[in-house]
Every structure is written in structure tokens, then in C-alpha cells.
1. For residue 103, only one of the following conditions fails: (1) modelled with pLDDT under 95; (2) open to solvent by less than 70 Å² (accessible area, probe 1.4 Å); (3) within 22 Å of residue 26 (Cβ to Cβ). What is its number?
2. Can you pull out the residues in segment 128-138 that are of a type in the set (A, V, I, L, M, F, W, C) and either free of Cβ contacts under 8 Å to residues at least 24 places away in the same chain or surrounded by fewer than 17 Cβ atoms within 10 Å (Cβ to Cβ) (or both)?
3. Which members of segment 119-139 meet the condition of being under 19 Å from residue 203 (Cβ atoms) and touching a Ser or Thr at 6+ places or on another chain (Cβ under 9 Å)?
4. Looking at segment 137-148 only, could you name the residues that are touching a Leu at 6+ places or on another chain (Cβ under 9 Å) and not in a strand (DSSP E or B)?
5. Please count how many residues of segment 151-205 are closer than 16 Å to residue 130 by Cβ, open to solvent by 20 Å² or more (accessible area, probe 1.4 Å) and free of Cβ contacts under 8 Å to residues at least 60 places away in the same chain.
6. Exactly one condition in (1) of a type in the set (A, V, I, L, M, F, W, C); (2) open to solvent by 30 Å² or more (accessible area, probe 1.4 Å); (3) more than 23 Å from residue 133 (Cα to Cα); (4) modelled with pLDDT of 95 or more is not met by residue 37; state its number.
7. For the subset of segment 149-180 comprising residues that are part of a helix (DSSP H, G or I) and more than 12 Å from the chain's Cα centre (by Cα), which member is farthest from residue 117 (Cα to Cα)?
8. Among the numbered conditions (1) of a type outside the set (Lys, Arg); (2) touching a strand residue (DSSP E or B) at 6+ places or on another chain (Cβ under 8 Å); (3) free of Cβ contacts under 8 Å to residues at least 60 places away in the same chain, tell me where residue 63 comes up short.
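The values are calculated or read from the model by the stated rules, or taken from the named source; none is laboratory data. Just so it is clear, the model here is predicted, and its values are computed rather than measured. We place every Cβ from the backbone using ideal geometry, glycine too, and count neighbours over all the protein chains shown. Accessible surface areas use protein heavy atoms only, side chains included; no ligands, DNA or RNA. Shrake-Rupley method; radii C 1.70, N 1.55, O 1.52, S 1.80 Å.
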Amino acid sequence: MNLGPAHRLAREEFAGRDPEAMAYNAAVPFDPAKKEFCVPFLGARYLVRYPEGEVVEEGGSREVPQEVQILLLHYLSKATPALPEGRWIAFQELPGGFIYTGPFYNRAVRPLVGLFGQRPDLLVRAAEMLGGERIEGGDVAVCIPVLPKVPLAFLIWTGDEEFPPAGNVLFDASAPRHLPTEDYALLPGLVLGKIKDLLRGGNLG
């Protein structure tokens, strides 16, 4: 996938925004002396330099994946003052969500069920390691605060003799006010990728 054009556009839009307004809307700190934002994302903190849009992980040495850079730039430039509503909606309820249903299912729901359909307890432990908590829903459900104004809910139904395990990812009703729908098609996959890293590292047992 060629992300170069999307990355350039994201940097241009970011550079054209007022940094203080972006910090307020995204609920993240901005250091005017260093000209950088500090954005928490999946258990790490990322420094985003203004106006060039360079993204580095605080204390990290590896290059930040391009899709993560684009996501953080989008969040800073597109977030609005709206707060999370505490009401969950399905992906199809996001603007134009039906267009991305296939990618969303393949990148979010299928891996979710593959990872946790038989071990929902691991989902709870993974969520806690990423600052989340268990909530009502499914047989097991968790809420993970992926970005300051973007919580995601991951649900698992463990299945029985008649039905295989199933899952879903839900979004706060305020989600369309902070990121475009195509980013939400990718975001759960990034969360699950982080959880896979935790599993490979033996952190979840």
C-alpha cells in the first residue's frame, strides 16, 4: 500500500492548523518552546513536531510506522471539542462505513475472534495493560482508550456447540467528530497488532 500521498496530505493539513486549537480539541499537551505535541497512543507516547509533522516515539529508537504517523496527524488536525458520549455504535453507523465493511471485518473482527474467541480472559488482561477496563457487553467486553478522545470497545461471544465464537468492535458515538471513517477501519487492527506484540513478548501468559 502506497501511503506516501496520504502522509503528505496529512502533514500539510496539520501544518495549516493552529497548534493551540489542535491541542485543546485533541486533549493533548503542546509545548510552545519545543513546538511539539505529546500524544498518548497504545501504551506509548508520541512527540509530534509542529509544523513539519515529524512523529517520533518518546524514548523509542525505532521508526514510527507510517500508518501510525498518519493516524496521529489526522487526530491532531481533525479532532473537535466534542467529548466522548458513552454510547457505543457499530462500524456501519459511521459515515460511509458500509464502504469499508470488508476491510474492517478482515482487519478487526476476524483477528479479534482468532486471538480471543477461545481465551477471552486474555482480552481483559491485554486491555488492562493498555489502560483499559472490562465493561458490559458480549460474553466478555473491554473498553480501551486508544487516543484521548477515541475509546474502542472490543466484544467477544465465546460460542457454544451450535455457534462458533464471534466478536465485534464498537465506537463511541462521538467518533465521527475526531477521525474519518477510513481511519476507524484501520485503527482496531493497530490495537490488535499491539496486543500481538504483548503476546509474543510473553506479557499476557
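1. Result: residue 103 passes all but (3).
2. Those that are of a type in the set (A, V, I, L, M, F, W, C) and either free of Cβ contacts under 8 Å to residues at least 24 places away in the same chain or surrounded by fewer than 17 Cβ atoms within 10 Å (Cβ to Cβ) (or both): 129, 135.
3. Hit for segment 119-139 is 120, nothing else.
4. Passing the criteria: 137, 138, 139.
5. Of the residues in that region, 4 qualify.
6. (2)
7. 177
8. All conditions pass for residue 63, except number (2).
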